[in-house]
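The values are calculated or read from the model by the stated rules, or taken from the named source; none is laboratory data. No experiment lies behind these values; they were computed from the predicted model shown. Every residue, glycine among them, receives a Cβ derived from its backbone with ideal geometry; neighbour counts consider all protein chains shown. The protein model used for the area step is the full one, side chains on, heavy atoms only, and it has no ligands, DNA or RNA in it. Shrake-Rupley method; radii C 1.70, N 1.55, O 1.52, S 1.80 Å.
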Amino acid sequence: MKNIYGMTLDNLEQYFLEHNEKAFKATQVFEWLYKRRVSTFQEMTNVKKETLEQLEQDFNMQGITLVTKTEGKDVIKFLFELADSNKVEAVLMKHDYGNSLCVSTEVGCNMGCAFCESGRLKKVRHLETHEMVLQILAVESYLKERVSHVVLMGIGEPFDNYDNVIDFISIINSGKGIDIGARHITVSTCGIVPKIEAFMQDGKQVNLAISLHAPNDTLRNQLMPINKAYPIEQLISVLKKYSQKTNRRVTFEYILLDGVNDTDACALELAQLLKGLNCYVNLIPYNETSHIEFKKSSKETIMRFYDILKKNKINVTIRKEFGRRVMAACGQLRSNYEEA
Ligand code: SAH
């Protein structure tokens, strides 16, 4: 039996047509699910009895369970248990512009980035579409507030779970669904080039962020194994195509690791690499974890790196630090929980 929260509006319209019903029923059901937030089919009072019975036969509405949460200033980290007892996390960040939720896309991750906690726990499976949608619904129901922004930067590699991620975006972006504007949704990838290409063809107006973290292959190979499959030149080349075709600006995430990728030479090389590309760089202070030896760069080093990019006319920002006390680095809550 399928979970109803995994159905896009298109899927539901198709479903009703196949059952000799009008497609607009899909809109009605969507509104009950996402505007009214009912938890049983029986509450959908404008849907006729036979249709409800059919829906109950074909779908369940099972949610996900909040196992634990940790709260810090402007940040809440949630650990959820899925129907098969696997666990994933989501992190809520309160900004002045709204509530931004960092959503997980897989249980564990196979990308093996050297600095990342999520990769210490290998991928168990990808998340189904409904398991991503339900992270948002559960957080909104806890907060009694709307999630206005979604970033796919939790555990997992979104483009390693491409089809479900695309359906997830379609459900949360739909005006009849959760109605989060495309420009308020950001997909972050370690750089799976063929999937970036597919994403470009798909034409979704959401933001694309690339975890770069190094300006050359020698260094990036050491930090991110994916670079051996899709080296920097291929990555930059597909991103040039992407920004030309979509007219959208690409974000580069660059974690600053003390003594590793934070030298002046790295900054200059990065500026050279990105010259002429419609992009901006988001410098990320590393969130240290007890299991991994990397250290964060000092404030002075971060500022120097920033200044070099600026001087070389690269748009650059420094990411606000959230939740060091609540273990907000992706994967930390889950891995500490599993170890306890
Ligand atoms: N797999 C995707 C999305 C999940 S990781 C990706 O690679 O983009 C989301 C972001 O958090 C990535 O930029 C990742 O490199 C970064 N990240 C991972 N561990 C971190 C840590 N300890 N401190 C700061 N950023 C981290």
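Scoring Ser118 on the criteria (1) within 16 Å of the ligand (Cβ to nearest atom); (2) at pLDDT 95 or above; (3) polar (S, T, N, Q) leaves a single failure, condition (2).
Could you tell me whether Val133 is more than 16 Å from the ligand (Cβ to nearest atom), assigned to a loop (DSSP other than H, G, I, E, B), touching a Gly at 6+ places or on another chain (Cβ under 9 Å) and at pLDDT 95 or above? No; evaluated as a whole, the condition is false for this residue. Restricting attention to the stretch 12-32, the residues that are under 24 Å from Ile64 (Cα atoms) and either without any contact (Cβ under 8 Å) to a residue 60 or more places away in the chain or part of a loop (DSSP other than H, G, I, E, B) (or both) total 5. So for the stretch 205-215 (the condition being within 20 Å of the chain's Cα centre (by Cα), at pLDDT below 95 and closer than 27 Å to Ala182 by Cα), does at least one residue qualify? Yes - at least one qualifying residue is present in the stretch 205-215.
Within the stretch 74-84, none of the residues are surrounded by 15 or more Cβ atoms within 10 Å (Cβ to Cβ), part of a helix (DSSP H, G or I) and without any contact (Cβ under 8 Å) to a residue 60 or more places away in the chain.
Only residues that are within 25 Å of Gly112 (Cβ to Cβ), under 13 Å from the mean Cα position of the chain (by Cα) and away from the ligand (no atom under 16 Å from the Cβ) were counted in the stretch 136-182, giving 0. Against the list (1) open to solvent by 10 Å² or more (accessible area, probe 1.4 Å); (2) part of a helix (DSSP H, G or I); (3) not aromatic (Phe, Trp, Tyr), the condition Ala114 fails is (2).
The conditions of being within 12 Å of the ligand (Cβ to nearest atom), at pLDDT 95 or above and not in a helix (DSSP H, G or I) are met by Asn261. One residue is enough: does the stretch 95-104 have a residue meeting the conditions in the same structural domain as Gly119 (by TED's automatic domain parsing), within 18 Å of Thr129 (Cα to Cα) and in a loop (DSSP other than H, G, I, E, B)? Looking through the stretch 95-104, at least one residue is in the same structural domain as Gly119 (by TED's automatic domain parsing), within 18 Å of Thr129 (Cα to Cα) and in a loop (DSSP other than H, G, I, E, B). Of the residues contained in the stretch 42-51, one or more are found to be in a helix (DSSP H, G or I) and surrounded by 14 or more Cβ atoms within 10 Å (Cβ to Cβ). Among the helices (runs of 4 or more DSSP H) lying completely within the stretch 165-249, list those that include at least 3 residues that are open to solvent by 20 Å² or more (accessible area, probe 1.4 Å), touching a residue at least 40 places away in the same chain (Cβ under 8 Å) and of a type outside the set (Asp, Glu). So the answer is 232-246.
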